[in-house]
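A short reminder: the numbers here are calculations on the coordinates, not readings from a lab. As the structure is a prediction and not an experimental result, all values here were calculated from the model. Counting neighbours? That spans all protein chains shown, and the Cβs are built from the backbone with ideal geometry, glycine included.
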Amino acid sequence: MKFTLSWLKEHLDTKASLEQICDALTITGLEVEGIEDPAQTFAPYVIGEVLEASPHPDADKLQVLNVDTGKGCVQVVCGAPNARKGLKGVFAPVGTYVSGIDLTLKKAKIRGVESFGMMCSERELELSQEHDGIIDLDTDAKPGTPYAQVAGLDDPTIEIAITPNRPDALGVRGIARDLVAAGLGTLKKDPLTKTKGKGECPIKIELDNGDQCPVFAGRLITGIKNGPSPDWLQQRLKAVGLRPINALVDMTNYISYDRGRPLHVYDADKLKGPVRARAGRDGEQFLALDGETYKVDERMCVIADDSGVLGLGGIMGGEDSGCTADTTSVFIESAWFDPINTAMTGRRLNLMSDARYRFERGVDPSSVEDGLHLATKMALGLCGGEPSKIEIAGAAPLRDLTIELEAKKQFKRLTGASLSENKIEKILQDLGFKVKTKGAVLTVKVPEWRPDVHGAADLVEEVVRIYGVDNIDTTPLPALSGVAKPVLTIRQKRVSRSRRLLAGRGFVEAVTYSFIQRPHAKLFGGGLACIELANPISSDMSSMRPGLMPGLLGAIKRNRARGVMDAALFEVGQSYRGDQPDDQYVSACGIRFGHNALSGAGRHWSGNTNSVDLFEVKADCLALLCQLGVDTSKVQISRDAPDWYHPGRSGVIRLGPKIILGYFGELHPGVLGKMSVAGAVAGFELLIDDLPVPKRKGVSHTRKALKITDLQQVKRDFAFLVDIDTPANEVVRAAQSADKKFIQAVNVFDCFEGEALGADKKSLAIEVTLLPIDETLTDKQIDEVASKVIAAVSKATGGEIRG
Amino acid sequence: MSEIKQLETQILAAIKASDELAGLEEIRVSALGKKGSVSALMKGLGKLPANERASFGQQVNGVKQALNQALGDKKAALADRALAARLASESADVTLPVRPGPLAEGRIHPISQVMDEINEIFADMGFDIAEGPDIEDDFHNFTALNIPAEHPARQEQDTFYFPKRADGSSLVLRTHTSPVQIRTMASRQPPIRIIAPGRVYRIDSDQTHTPMFHQVEGLVIDEQTHMGHLKWVLDEFLKAFFEVDNVQMRFRANHFPFTEPSMEVDVRYKRVGDEVRIGEGDEWMEILGCGMVHPNVLKAVGYDPDKLQGFAFGVGIDRLAMLKYGAPDLRDFFAADMRWLKHYGFGVLDVPTLAGGLGS
C-alpha cells in the first residue's frame, strides 16, 4: 500500500516528522517498506536566474551565463538555445550528481571559459525526454529556492506492508487512525456529505447471488463532462503507481486508496436493462479493462445486464461498459463482495486488481452508501452533472459485534504489564472502537472495518500493538531446577554422537535436499507415488528421498567435476518410506570415494592410500555402532545387502534374524553408472531408529567391579584350510566358543587363497589369546585348549589344521 | 717398575688403543681369561713366601680391578660411538609432511553446529527438544494453527503438496515447524517448554531462499507465562547465541494466524566488511517472529484458553548460521561442495558447551 505524506495529512492533523510517522507505522504493525522522497533526490537543485547571457568567445553554439543561485552569482557555460537573460531555470552546482547524464559535476573549462555548474534540462533531471533546451520556469520563486518545492515534488511517497488481517489500512484514512492512536496527532473530520439526488435511479439493481453479493448500491449521474482529471489528482495517483485514465475512473481509484472502498463506474448509455449481480454461466466471457478476455463459470459472481457479463464483481469491470472521455452519463456501483469467493475467482483467473486485493481481505460493509456519497460529491466536483437518488438492493452484512473485556486484568495476564482502564479505553477509541466502561469491564463495539477482531484476545492485541511491546518489561522465566537437567532423547543423542564420530573418522558432513529426482529414488528402493510431490520446484527435486545415499552420490558427482577426487562425506538425517509419520526414519550414511581411508586420502610419500573398499566402510560402520552403545560382538553379518550395493562386496549388519541395523559395502557399478558417478565408491547406512535401546539399569552409573590378574596371557596361532566360501566369522566364532574359560580373544591375522591350496580352498590363520585365571597356564592346559580349538573349528567348518 | 705394574701399563695401553668390541674382548681374554696373563700371575701366588702373598694378591687384584674398569669404560665408549654412528645413518628429512589424520579432515556442517548451540542454550532454560514429521497433514500444518482454508499461505505458490488421496485431502511438506507445537500439546499436558528444530519447505529459490531450510520453533505453555517472559527468553537466547553482552531488540506488531498478539523482532546491527555485528550500530534487521499462542490454537488441542496461555516463536536456523558465521548464500548450505564444507564446517572437538563457550 502506497500513499504520500500530503495525502496522509488530509486525514491526520500532525506536527510529526516523516521519520516519526514512519517509525510509528513500523512499530504498530504497518511496516514501512520504502520511502521515496523526491525532495531528497532533487535536494541539490535550486532555482537559478540568468542575469546575463553573452556569446562564448570561442564557440558559436555556446553562451556564457551569469547565474544568480541565491548563494551568489556564478559563471556557467551553456549550450541550450533557449538560455537568455531573465530566464529562471534549474541550477545544479558543482558536486551535484546529475542522474540523467550519470555524471557528477566538476568545475570545468569549456573552450577556455570556466564553468561552475549547470542549468538543467528535464531529461537531465529524468523528468521527461525533453532536451531541446533548459527548463524555463514561469515562477515567482527567488533564486536559491529548492526546485522540488517549486515543482511540487516535495511530497514523499511511503510504502507499507499490509498483513492480511488489516484491510482497514488499505485506505489512507485507516492508516491515519492508527497514527492517531499511536499519539501522533488527531483525525481530521470526515468531509463526507450526502447528496440526495433527484428522481429515482432509472437503472435498476437486481441481486441473484445474495451470498456472494449481499448488497449493491448505485446511482446515475447525467449531464457530466468527463476528461482528464486535474493535476493534483493525477499527481497523487502517479505517486502511488497508478496511471491516470479519466476523471471518473481516477475518482474511483482515488477513493479506493483514500478509504479502502472500491467502486466501479459504468457508461450508463452502454447499459441495457437492469444491472444484476449473479453467478456466471458456463460459456460466458467478457473483455476486461486490462485488455484480456476472461471466461467465467457458475462459481464466480459477475455483474451483468441484458447484454451479458459486464464485469467480475469486486475484481474488474469490462472494457465495453467502461467510462471514456466521451461518457456523459455515469452509473456508479458501490457494492460488497464475499472475500473468499472474490479470492477464489481471482486466483482461478489469475487476475489481480486493487479491488480484488481489498475485497478478498474484507471491505467495510458499512461503507457501501457512504462510498457512493463520496463518489457522488467527487464526480460532481470533477465533471458536474445531475445525480439521481440512490438505488440499493440487499442489505449490508453487518457484524454488529460487541465484546466485553476485563481490560486491565486481560492486559496484565497476557503482557505482565499494567495499564489503566482509561488508557486502554483511549487506545480503543482512537482506533474507532466504541467503548463503554462499567467498573472493570469495557463493553467494546467493534467497527465494521475491523473484520479481524473477534474476541477479547484481539482487543488486547490492539492495545498491545499501540502501547508498544518495547514498553513491556522483561520477566525471567522461572528456572525449573538449579542446574539444568539433560533433555536429549536417546535418538537425539545418537544423532549428535554420529555426527561427531564420523567427523572424527575424517568424514565431512553434508546436508542435502530431502527431495531428489524420481529415477534416482527408484534406484534406492523409493519412488512411491504417494511421496512424489504434486508441485515440485523441478523434476530433479520431485521424490522424497528413500535414503541418504543418492543425495551423497550426487554430491560426489559434483565434487569430482570440480576436481575433488578422494574424499569422505556423510549425512545424518531423515528419509521416507511412505507418507505417514512412522514412515519417516533417521539414518546415518557415510561414503568414501576415490582413494580414501581413515589414515588419509590420495597419494603420499609414506605410502599411497588404496582405492576405497568394503572393509574400510565396514570399520566405519562398526565403530559408529560401538559408539552408539551397541555391543558389536553380538551382531551378525550377512551377505544380502540391498540392490544398490555390489552383490559380492557388501554386507548387512543384523541383530538376530529380524532386526537390521545397517548395510555397508562397495556401491553397485551399475547403479553408479546410472547416476553418472565415476570411480570407486564404498559406503554404509546405519538405521539409527532401529538400534536397540539400552536398558536403564536403575539410576546407578556404577560399573561392574573389574577383576584382573598379573599373570601373563598366552597367544597361540592356528592355520586352517577351509572351503573358499566359508565365512571367516564362522571360524572365529567356533574358536571363540571352544573354551569359554580361558579364551579371551580370537584374531584373524592371515587369509590367503592360492593354487597351492586348491582352487576351492583358502587358508585362514587365527591368533588365540588365552588368559590365565588363578595361576599360570601349564603346557598341558594350553595343549588341551589348542585341541579344543582345532576340534571346534573342524566341526563347524570342516576346516583342517595346517601343519 | 715391578713386573706386575709393567704388565698393567701394557694392557691398559692395549685397551686404550683398541678400536672395536671384538678386539677389546680379545684383550680381556688374554689378560683376565683363565689362561690370561693376569690370571697367570695369580697362579704364581703359591710359590711366593707366605708373608708376600697377601700384598702380592692385593696388587694383582688391584690390577684386575683397574683393567675391568678400563675395559668397561672402553666398552661403553665403543657402544656409544657405535650407537652414534647408527643414529647418524638413520637420520631422516624431518621436513617431509605427515598426514593430517582424520580429526583434521572431518567437519560438522554449520547447521548441525548451530542446532547444537541452540539446544545447549534452551536446555539450560529448561526446554525439551521436540520433533515432528516433515510430511504433514492439513490439520497439523494449517487448521489447528488457525490458518483457514482460504488463507494465502495455503495456496500452491508457497506449499509443496503430495497427490490427492482418496478422501480428497492432500498431505503437504510442512511449511514451518509450528505443527510440532500442535503434536506436542496434543500428546502431553502443560507445563510445556519445548523447542522444535527441523527442516521446513517452501516453494522459493534465490540467494536467501531455498525450497528447504531449517527453523527452530519455541513453545511455552502454562498458566502464567506472558509477553514479559517471552521478551526475556528471546533476549537471553540472542545474547547467548551471538555471544555478546547486549542485544537490542525492537518488537514490531505483526500478524501470524497462530499467535495473538504477534510480533516480528528486529535486532540492532552493524555490518563491518563481511561481518555482521549484532548489538552494535544503528540498523535494524528482522530476525524472528513470535507472539502469544492464539486462543484458537489452544482450543484446537483441547486446552482451555481461559486457563492456559503461553508464547511461541520461530527462528531460521540457516539464517542464524549465516549471521553468526558469515556464509553469504543459503543455496551453498545444501550444495555439499567440499571446499565450502571444509571452510564453513566445524571440527569434531568444537562441541558447543555453555561452560566452554558456544562459538568456535
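Per-residue Cβ neighbour counts within 10 Å put A:Val302, A:Val722, A:Val363 in the sequence A:Val722, A:Val302, A:Val363, beginning with the fewest. Beta bridges per DSSP, both residues in chain B: antiparallel share near 95 percent.
Summing -39500 (n - 2.57) over the DSSP H runs of n ≥ 4 in chain A and dividing by its residue number, what mean residue ellipticity at 222 nm do you reach, to the nearest 500 deg cm²/dmol? Don't skip to the answer; put the middle values down first.
On the way: 20 runs with 203 residues, N = 803.
Taken over chain A, the calculation gives -7500 deg cm²/dmol.
Placing unit charges on the Cβ atoms only, positive for Lys and Arg and negative for Asp and Glu, gives the stretch A:490-690 a dipole magnitude near 380 debye about its Cα centre.
Tell me which GluC sites (Glu not before Pro) from the stretch B:1-91 have a DSSP coil assignment and no more than 14 other beta carbons within 10 Å of their own. Don't skip to the answer; put the middle values down first.
Values: sites: B:Glu3, B:Glu8, B:Glu20, B:Glu25, B:Glu26, B:Glu52, B:Glu90; in loops: B:Glu20, B:Glu90.
Passing both the DSSP loop test and the Cβ count: B:Glu20, B:Glu90.
The residue among A:Gly683, A:Ile203, A:Val363 whose Cα reaches farthest toward the positive pole of the charge dipole of chain A, with charges on the beta-carbon of Lys, Arg, Asp and Glu, is A:Gly683.
Per-residue 3J(HN,Hα) values for the stretch A:277-287, derived from phi via the Karplus relation 6.51 cos²θ - 1.76 cosθ + 1.60 with θ = phi - 60°, read 9, 8, 6, x, 10, 4, x, 6, 8, 8, 8 Hz in sequence order (x marks Gly and Pro). Among the trypsin sites (Lys or Arg not before Pro) in the stretch A:760-803, those located in a DSSP loop and surrounded by at most 15 other Cβ atoms within 10 Å of their own Cβ are A:Arg802. For the stretch A:367-376, putting each phi into the Karplus relation 6.51 cos²θ - 1.76 cosθ + 1.60 with θ = phi - 60° gives couplings of 9, 4, 6, 4, x, 5, 5, 4, 5, 4 Hz, in residue order, rounded to whole numbers and with x for Gly and Pro. Placing a pseudo-label 7 Å from each Cα along the Cα-to-Cβ vector at B:Leu83 and A:Ala395 gives an inter-label distance of 11.4 nm.
Here's the list of lysines a cross-link from B:Lys239 could span, going by alpha-carbon distance under 26 Å and ignoring same-chain residues fewer than 8 apart: A:Lys485, A:Lys493, B:Lys231, B:Lys270, B:Lys324.
Candidates B:Val200, B:Pro133, B:Ala79 compared by Cα position along the dipole of chain B: farthest toward the positive end lies B:Ala79, with charges placed on Cβ.
Pull out a ≥ b ≥ c, the square roots of the eigenvalues of the alpha-carbon gyration tensor of the stretch A:211-274, then state rounded if a/c is under 1.5, prolate if not and a/b is larger than b/c, and oblate in the remaining case. It would help to have the intermediate numbers written out before the result.
Working: a/c = 2.77, a/b = 1.36, b/c = 2.04.
The shape class here is oblate.
So for the stretch A:714-801, Kirkwood radius off the Cα pairs, Stokes-Einstein at 10 °C and 1.306 mPa s: how many µm² s⁻¹?
Working: Rh = 13.1 Å.
After rounding, the answer is 121 µm²/s.
In the stretch A:716-748, what trypsin sites (Lys or Arg not before Pro) fall in a loop by DSSP, with at most 16 other Cβ atoms inside 10 Å?
Details: sites: A:Arg716, A:Arg733, A:Lys740, A:Lys741; in loops: A:Lys740, A:Lys741.
Qualifying residues, ordered by number: A:Lys740, A:Lys741.
Please check which bits of the stretch A:376-402 a label hung off A:Ala325 would reach, taking the label as a point 7 Å along Cα-to-C-beta and the cut-off as backbone N under 18 Å. Backbone N within reach: A:382-384.
Taking other Cβ atoms within 10 Å as a rough exposure proxy, A:Lys493, A:Lys71 sort from fewest to most as A:Lys71, A:Lys493. Taking Cα centre as origin and charging only the Cβ of basic (Lys, Arg, +1) and acidic (Asp, Glu, -1) residues, the dipole magnitude of chain A rounds to 2780 debye.
Around A:Ile160, with a cut-off of 12 angstrom between Cβ atoms, what is the net charge of the other residues, counting Lys and Arg +1 and Asp and Glu -1? Could the numbers behind the result be given before it?
Working: positive: A:Lys2, A:Arg166, B:Arg252; negative: A:Glu31, A:Glu33, A:Glu159, A:Asp178.
Charge balance near A:Ile160 sits at -1.
With everything on Cα atoms, drop me the angle between helix A:728-738 and the longest principal axis of chain A, reported from 0 to 90° to the nearest 10. With rounding to tens, the tilt is 50 degrees.
For the pair A:Lys695 and A:Ala479, what calculated FRET efficiency results from E = 1/(1 + (r/R0)^6), where r is the Cβ-Cβ distance and R0 = 30 Å, to the nearest 0.05?
Numbers: r = 32 Å, r/R0 = 1.06.
The pair A:Ala479/A:Lys695 has a calculated efficiency of 0.40.
Once C-alpha pairs closer than 8 Å and six or more residues apart are averaged by separation and normalised to the residue number of chain A, the relative contact order reads 8 percent. Does the stretch A:490-690 come out rounded, prolate or oblate by the C-alpha gyration tensor, with a ≥ b ≥ c the root eigenvalues, rounded set by a/c under 1.5 and, if not, prolate when a/b is larger than b/c and oblate if not? Oblate is the answer for the stretch A:490-690, as a/c is 1.5 or above yet b/c matches or exceeds a/b.
In terms of its C-alpha gyration tensor, the stretch B:110-344 comes out oblate, because a/c is 1.5 or above while a/b does not outweigh b/c.
Amide hydrogen proximity for A:Tyr645: with H placed 1.01 Å from N in the peptide plane, the residues at 5 or more positions away or on another chain lying under 5 Å are A:His668.
For chain A, the spread of Cα positions along the three principal axes, ordered from largest to smallest, is 127, 81, 63 Å.
In cubic angstrom, how much convex hull volume per residue do the alpha carbon atoms of the stretch A:393-460 span? Let's see the in-between values first.
Working: hull volume 5.5 nm³, N = 68.
Expressed per residue, the convex hull around the Cα atoms of the stretch A:393-460 is 80 Å³.
Think of the stretch A:436-498 as a dipole: +1 on every Lys or Arg Cβ, -1 on every Asp or Glu Cβ, centred on the Cα centre; then among A:Val487, A:Thr443, A:Ala457, A:Val487 lies furthest on the positive end. Less than 5 angstrom separates the built amide H of A:Leu310 from those of A:Ile303, A:Ala304, A:Asp305, all sequence-distant by 5 or more or on a different chain. Most fluctuating residue of B:Thr208, B:Thr95, B:Thr259 in a GNM of chain B with Cα springs under 10 Å: which is it? The residue with the greatest mean-square fluctuation here is B:Thr95.
Evaluating 6.51 cos²θ - 1.76 cosθ + 1.60 at θ = phi - 60° for every residue in the stretch B:226-236, the Karplus couplings come out as 10, 5, x, 5, 4, 4, 5, 4, 5, 4, 5 Hz, glycine and proline recorded as x.
Amide H contacts for A:Phe720 (H built 1.01 Å from N in the peptide plane; partners 5 or more residues away or on another chain; cut-off under 5 Å): A:Leu764, A:Ala765, A:Ile766, A:Arg802.
When the pairs A:Lys194/A:Lys436; A:Lys71/A:Lys107; A:Lys634/A:Lys795; A:Lys740/A:Lys780; A:Lys189/A:Lys434; A:Lys15/A:Lys436 are compared against a 20 Å limit on Cα-Cα distance, A:Lys194/A:Lys436; A:Lys634/A:Lys795; A:Lys15/A:Lys436 fall above it. Remark on the stretch B:290-358: ratio of C-alpha radius of gyration to 2.2 N^0.38 Å is 1.75.
Would you tally the net charge around A:Glu130, using a Cβ to Cβ cut-off of less than 13 Å, leaving A:Glu130 out, and scoring K and R as +1, D and E as -1?
Numbers: positive: A:Arg123; negative: A:Glu122, A:Glu124, A:Glu126, A:Asp132, A:Asp136.
Taking every other residue near A:Glu130 into account, the sum is -4.
Other residues lying with their Cβ under 14 Å from the Cβ of A:Ile224 contribute a combined charge of -2, Lys and Arg counting +1, Asp and Glu -1.
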